[in-house]
Every structure is written in structure tokens, then in C-alpha cells.
Amino acid sequence: MEYKKAIYLLDELGDTANADHYEKWESQLVQAARANLFNIKTDSFSDRLKENVMAILLGVATPQKYSIIYQSIIKPGGSAWTVPHGKGLSDSEVMSPY
């Protein structure tokens, strides 16, 4: 998201060379993340909430994956809500101590 804002600002300022450079770099980062971080077995980027939300927000997850990620990870009852050590929901990653 921030790269897209920076690219937009550079372009608006007339610095098309740097805008093009960072747009190409952003595209390479997204493709690398898709190729190396996506888990075919779980059809997501992790069994954790944060990684999948960031993948959606940053444009790494494709729109075709949004529903799958929501249903299996983000939706209450999904894997991010499961507490592996069995103490309770307050110990899961969706409940922040802050």
C-alpha cells in the first residue's frame, strides 16, 4: 500500500523515472511473495491472522483468494482463532494484550 502511495506521489511530482523504478520493484516483491510465501496445502499465506491480513492489504493475495483466506483463517472459528495450547480465547493471537 505504501509503495503504491509513493509511486503515485513520484508520478504526480513528475519523477517518472523513480516512479517506474519503484513500480517495477513493487511488482517484483509481490511476485516473490506470491511464489515463496503462499502455502498450497492451506491455500493461504500462513495459518496465522497477521500474515494473511497483510497479504490482502498489500495486494499480495489475489482477489480470488480473499474468500478462501477469510473462511479458513480470518472468520471467527478459523484457524487463527484456535488456541494451540488450549488455555482459552484470550491466549489466541486474535486477542491482543495491548
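Can you pull out the residues in region 59-81 that are over 23 Å from Gln28 (Cβ atoms), of a type outside the set (A, V, I, L, M) and outside any loop (DSSP other than H, G, I, E, B)?
Ser67, Tyr70, Gln71, Ser72, Ser79, Trp81
Would region 25-40 turn up any residue that is in contact with a helix residue (DSSP H, G or I) (Cβ under 8 Å, 6 or more places away or on another chain) and β-branched (Val, Ile, Thr)?
no
Determine which member of the set Ser27, Ser67 is loosely packed, with under 14 Cβ neighbours inside 10 Å, under 17 Å from Glu2 (Cα atoms) and either outside the structural domain of Ser79 (by TED's automatic domain parsing) or out of contact with any Leu (no Cβ under 6 Å at 6 or more places or on another chain) (or both). Outline the logic, then answer.
Values: Ser67 fails: under 17 Å from Glu2 (Cα atoms).
None of the other options fit; the residue is Ser27.
Checking Asp20 against (1) assigned to a helix (DSSP H, G or I); (2) modelled with pLDDT of 95 or more; (3) exposed (fewer than 12 other Cβ atoms within 10 Å of the Cβ), only one condition comes out false. Which one?
Only one criterion is unmet by Asp20, namely (3).
Specify which of the listed residues (Lys41, Lys65, Lys50) is of a type in the set (D, E, K, R) and in contact with a strand residue (DSSP E or B) (Cβ under 9 Å, 6 or more places away or on another chain).
Numbers: Lys41 fails: in contact with a strand residue (DSSP E or B) (Cβ under 9 Å, 6 or more places away or on another chain); Lys50 fails: in contact with a strand residue (DSSP E or B) (Cβ under 9 Å, 6 or more places away or on another chain).
The match here is Lys65.
Which pairs have Cβ atoms under 6 Å, sit 6 or more apart or on different chains, and link a residue in region 69-94 that is within 18 Å of Ile56 (Cα to Cα) and modelled with pLDDT of 75 or more to one that is assigned to a helix (DSSP H, G or I) and among the hydroxyl-bearing types (Ser, Thr, Tyr)?
From region 69-94, the pairs are Ile73/Ser79; Gly78/Ser72.
Report yes if some residue within region 7-17 is assigned to a loop (DSSP other than H, G, I, E, B), surrounded by fewer than 13 Cβ atoms within 10 Å (Cβ to Cβ) and either out of contact with any strand residue (DSSP E or B) (no Cβ under 6 Å at 6 or more places or on another chain) or not assigned by TED's automatic domain parsing to the domain that holds Ala80 (or both); otherwise report no.
Taking region 7-17 first, the residues assigned to a loop (DSSP other than H, G, I, E, B) are 13-15.
Keeping just the survivors that are surrounded by fewer than 13 Cβ atoms within 10 Å (Cβ to Cβ) gives 13-14.
So of that shortlist, the ones also either out of contact with any strand residue (DSSP E or B) (no Cβ under 6 Å at 6 or more places or on another chain) or not assigned by TED's automatic domain parsing to the domain that holds Ala80 (or both) come out as 13-14.
Scanning region 7-17, I find at least one residue that is assigned to a loop (DSSP other than H, G, I, E, B), surrounded by fewer than 13 Cβ atoms within 10 Å (Cβ to Cβ) and either out of contact with any strand residue (DSSP E or B) (no Cβ under 6 Å at 6 or more places or on another chain) or not assigned by TED's automatic domain parsing to the domain that holds Ala80 (or both), so the answer is yes.
Look through region 34-58, keep the residues that are part of a helix (DSSP H, G or I) and touching a Leu at 6+ places or on another chain (Cβ under 8 Å), and return whichever of them is surrounded by the most Cβ atoms within 10 Å (Cβ to Cβ).
From region 34-58, those part of a helix (DSSP H, G or I) are 34-37, 49-57; that's our starting set.
After this cut, where a residue has to be touching a Leu at 6+ places or on another chain (Cβ under 8 Å) as well, the list is 51, 55.
Numbers: Glu51: 19, Ala55: 23.
The residue in question is Ala55.
The values are calculated or read from the model by the stated rules, or taken from the named source; none is laboratory data. The structure presented is a predicted model; accordingly, all values stated were derived computationally and were not measured. Cβ atoms come from the backbone with ideal geometry, glycine included; neighbour counts cover every protein chain shown.
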